[in-house]
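Colleague: Structure provided below as structure tokens; questions to follow.
The values are calculated or read from the model by the stated rules, or taken from the named source; none is laboratory data. Nothing here was measured: the structure is a model prediction, and the numbers come from that model. Positions of Cβ are generated from backbone atoms using ideal geometry, with glycine treated the same way; all protein chains shown enter the neighbour counts.
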Amino acid sequence: MNLSGKIAVVTGVSKGIGLAVANALLQKQCVVYGLGRNGAEINHPDFHFIKTDVRHAEEVKKAISQIASEQPRIDILINNAGLGYFGFLEDISDEQWHEMFETNVDGMFYCCKAVLPHMKKNQFGHIINIASTAALEGMPQVSAYCATKWAVKGLSESLFREVRDYRIKVSCVYPGSTKTDFFRNSPGIQPHDYMLMPDDIALMLVQALEMPDNFHTVNLEIRPLQPKGPKTT
Ligand SMILES: NC(=O)c1ccc[n+]([C@@H]2O[C@H](COP(=O)([O-])OP(=O)(O)OC[C@H]3O[C@@H](n4cnc5c(N)ncnc54)[C@H](OP(=O)(O)O)[C@@H]3O)[C@@H](O)[C@H]2O)c1
């Protein structure tokens, strides 16, 4: 798809991967609507922020209706908003469990559900869901977060088969550790320069979006090459 003039919705734009993706899409001349609890430090005439907590279906519906009333189409949805609490299962509180599921899974469901009728009407669209390598394998002390991201994988792979004949692509991205604020709830993991960088993930998403219409990247697993730094011995 030629990204110039395309209408994109990105969730969770205040920082990290979502902020990088919003900036990358603006550089490609997309009109970008950022949905989140906190705005982004982006000063661009084609960037619009709509305060939205993706855990609340009504807020998501209202935000997407506003976009649909202002724009002729919705071409792209990037479901990025998410968070993780790491630790032994019995130490994860019920509130943390629900916050992760409501944000990582319910939020993605609400956004897909609100956007799909517009994409179907236009017989065109690309939804990209940000999962994690935690969706591909079990990891000790990551069980609750893994559970949410396995749900993202299951929804994405099913939805891709459900909407492909409407000319709508659904891609799922599985990034390894990325240098963002994500690890604030994970004592013991410090972000470092051998992790993936948010801008690199944004570049890869842009490349996936730019592929020809009949070329569909279903799953994208990306990892840092030297997650622990160069081998010295
Ligand atoms: N960093 C990693 O190593 C890594 C690896 C694989 C996958 N991921 C996934 O990548 C995505 C982005 O994470 P990140 O690393 O960029 O983390 P981050 O720096 O903590 O950013 C997360 C973003 O999600 C937003 N968000 C959280 N809860 C929200 C809610 N209820 N409603 C709307 N927005 C909400 C945050 O905005 P506010 O808090 O300002 O509302 C923020 O903009 C997440 O889905 C994460 O699971 C991250």
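Colleague: What is the residue count in the range 79-93 for residues that are of a type in the set (S, T, N, Q) and closer than 17 Å to ALA20 by Cα?
Modeller: 2
Colleague: Scan ILE64, ILE92 and give me the residue that is aliphatic (A, V, I, L, M) and crowded, with 24+ Cβ neighbours inside 10 Å.
Modeller: Of ILE64, ILE92, the one residue that is aliphatic (A, V, I, L, M) and crowded, with 24+ Cβ neighbours inside 10 Å is ILE64.
Colleague: Checking the conditions here, which among ILE74, ILE67 is part of a loop (DSSP other than H, G, I, E, B), closer than 30 Å to ASP165 by Cα, touching a strand residue (DSSP E or B) at 6+ places or on another chain (Cβ under 8 Å) and away from the ligand (no atom under 14 Å from the Cβ)?
Modeller: The unique qualifying residue is ILE74.
Colleague: Test VAL218 against the criterion of being at pLDDT 95 or above, within 13 Å of ILE128 (Cα to Cα), away from the ligand (no atom under 16 Å from the Cβ) and touching a strand residue (DSSP E or B) at 6+ places or on another chain (Cβ under 7 Å), and give yes or no.
Modeller: Yes.
Colleague: Then there's this: Look through the range 20-35, keep the residues that are outside any helix (DSSP H, G or I) and touching a helix residue (DSSP H, G or I) at 6+ places or on another chain (Cβ under 8 Å), and return whichever of them is farthest from LEU3 (Cα to Cα).
Modeller: LEU35
Colleague: Oh, and also: Would you mention how many residues in the range 1-19 are buried (at least 24 other Cβ atoms within 10 Å of the Cβ) and in a helix (DSSP H, G or I)?
Modeller: 2
Colleague: May I pose another question? From the residues in the range 46-64 that are of a type in the set (D, E, K, R) and assigned to a helix (DSSP H, G or I), which one is nearest to the ligand (Cβ to nearest atom)?
Modeller: This residue is GLU59.
Colleague: Consider the range 10-20. How many of its residues are within 9 Å of the ligand (Cβ to nearest atom), of a type in the set (A, V, I, L, M) and closer than 14 Å to LEU205 by Cα?
Modeller: 3
Colleague: Are there any pairs with C-beta distances below 7 angstrom linking a residue in the range 128-140 that is within 20 Å of ILE201 (Cα to Cα) and touching a residue at least 60 places away in the same chain (Cβ under 8 Å) to a residue that is hydroxyl-bearing (Ser, Thr, Tyr) and within 12 Å of the ligand (Cβ to nearest atom), with the two at least 6 apart or on different chains, and if so which?
Modeller: Hits for this filter: THR133/TYR174; LEU136/TYR174.
Colleague: Now for a different question. Quick check, is GLY107 under 15 Å from the mean Cα position of the chain (by Cα) and surrounded by 15 or more Cβ atoms within 10 Å (Cβ to Cβ)?
Modeller: Against the criterion (under 15 Å from the mean Cα position of the chain (by Cα) and surrounded by 15 or more Cβ atoms within 10 Å (Cβ to Cβ)), GLY107 qualifies.
Colleague: Take the range 114-153 and flag every residue that is in a helix (DSSP H, G or I), of a type in the set (S, T, N, Q) and either within 13 Å of the ligand (Cβ to nearest atom) or within 18 Å of ASN219 (Cβ to Cβ) (or both).
Modeller: If the condition is that a residue be in a helix (DSSP H, G or I), of a type in the set (S, T, N, Q) and either within 13 Å of the ligand (Cβ to nearest atom) or within 18 Å of ASN219 (Cβ to Cβ) (or both), then THR133, THR148 are the ones that fit.
Colleague: Considering each of GLU58, GLU102 in turn, give the residue that is closer than 25 Å to GLY176 by Cα, among the charged types (D, E, K, R) and over 14 Å from the mean Cα position of the chain (by Cα).
Modeller: Exactly one of GLU58, GLU102 is closer than 25 Å to GLY176 by Cα, among the charged types (D, E, K, R) and over 14 Å from the mean Cα position of the chain (by Cα), namely GLU102.
Colleague: Would a scan of the range 1-18 turn up a residue that is free of Cβ contacts under 8 Å to residues at least 24 places away in the same chain and under 22 Å from THR180 (Cβ atoms)?
Modeller: No, every residue in the range 1-18 fails to be free of Cβ contacts under 8 Å to residues at least 24 places away in the same chain and under 22 Å from THR180 (Cβ atoms).
Colleague: Can we say CYS111 is in contact (Cβ under 8 Å) with a residue 12 or more places away in the chain, in contact with a Ser or Thr (Cβ under 7 Å, 6 or more places away or on another chain) and in a helix (DSSP H, G or I)?
Modeller: yes
Colleague: Okay, moving on. Quick check: is even one residue across the range 195-218 hydroxyl-bearing (Ser, Thr, Tyr) and more than 24 Å from ALA151 (Cα to Cα)?
Modeller: No, because not a single residue in the range 195-218 is hydroxyl-bearing (Ser, Thr, Tyr) and more than 24 Å from ALA151 (Cα to Cα).
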